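Any read-out appearing in this document is the output of simple, stated calculations on the displayed coordinates, not a laboratory observation. Treat the numbers as computed from the prediction; the structure is a model and nothing was measured. Neighbour counts are summed over all protein chains in view; Cβ atoms, including those assigned to glycine, are modelled from backbone coordinates with ideal geometry.
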Amino acid sequence: MKRWIARSSWRNLALAAALVTCAASTARAETWKLDPAHSKVTFKVRHLMISNVEGRFKTVEATVEGDAAKPESATVSASIDVASIDTGNDKRDDHLRSPDFFDAAKFPTITFKSKQIRNWTGTGFEVVGDLTMHGVTKEVVLAVTDLSPEIKDPMGHARRGLTATTTIDRTDFGVAWNKALEGGGLTVGNEVKITLDVELTKQG
């Protein structure tokens, strides 16, 4: 009987220790969400091979989850509403939403899911992940810089900011519309430079 009580007490103690450990681990986990009012996703592409046209996506969602003590284990996910594209020209934006380019009716979202955080320096790192656009998924690398320290806003919410950049070839994703110029070259460049200026708010 005493042995059974001892074993039972040990099991209860072990279970309690496991629950405490789990709770401590959960307490370290953090979730950060993009603040759309203070963030922007922009892109730049060559026009007629002589100038750059810039645009942005106005509707973006993103979440970062992880343990602050182990930043390399964090995960990043993001979703962009293709129809929210804005280059400052309605006619051009309608063309970009059409099947010639993004085909927003068929492929309404662009998504990103991280697979690895690497080269962590404390203020910068790289996020390797899958970018899905126009129904095609390719691995891309986001170079993150200017990671700010955590601060409290006037409402007491924890915030951090960062900038992330990458360059893609749009034809890799099947966005291949173009026209040849009489003097040589193409109407639209294939290389697209993407910049994310992000402000994140800690949840909970």
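Annotations for the structure displayed:
- Fully extending the segment from R160 to E61, taken as 0.36 nm per residue of separation minus the present Cα-Cα distance, adds 34.1 nm.
- Nearest 10 degrees, 0 to 90: helix 2-28 Cα axis against the chain principal axis: 30 degrees
- Stretchable slack from T167 to T111, in nm (0.36 nm times residue separation minus alpha-carbon distance): 18.6 nm
- Per residue, the chain reaches -6000 deg cm²/dmol at 222 nm when only DSSP H runs of four or more residues are counted, each adding -39500 (n - 2.57).
- Listed options for Rg and Dmax of the Cα atoms in Å are (1) 16.3, 48; (2) 19.7, 70; (3) 23.0, 96. The value calculated from this structure is the one marked (3).
- For R92 and R118, the FRET efficiency from 1/(1 + (r/R0)^6), where r spans their Cβ atoms and R0 equals 30 Å, is about 0.25.
- Label-point separation, K33 to L48 (7 Å along Cα→Cβ), nm: 4.4 nm
- A simple spin-label model places the labels of S77 and K179 4.1 nm from each other, with each point 7 Å out along Cα-to-Cβ.
- Whether segment 94-204 is rounded, prolate or oblate, judged on the alpha carbon gyration tensor where a/c under 1.5 counts as rounded: prolate
- Among M49, M155, M133: highest mean-square fluctuation, GNM of the chain, C-alpha pairs under 10 Å: M155
- Length gained on full extension, T195 to S84, computed as 0.36 nm times the residue gap minus the Cα-Cα distance: 38.3 nm.
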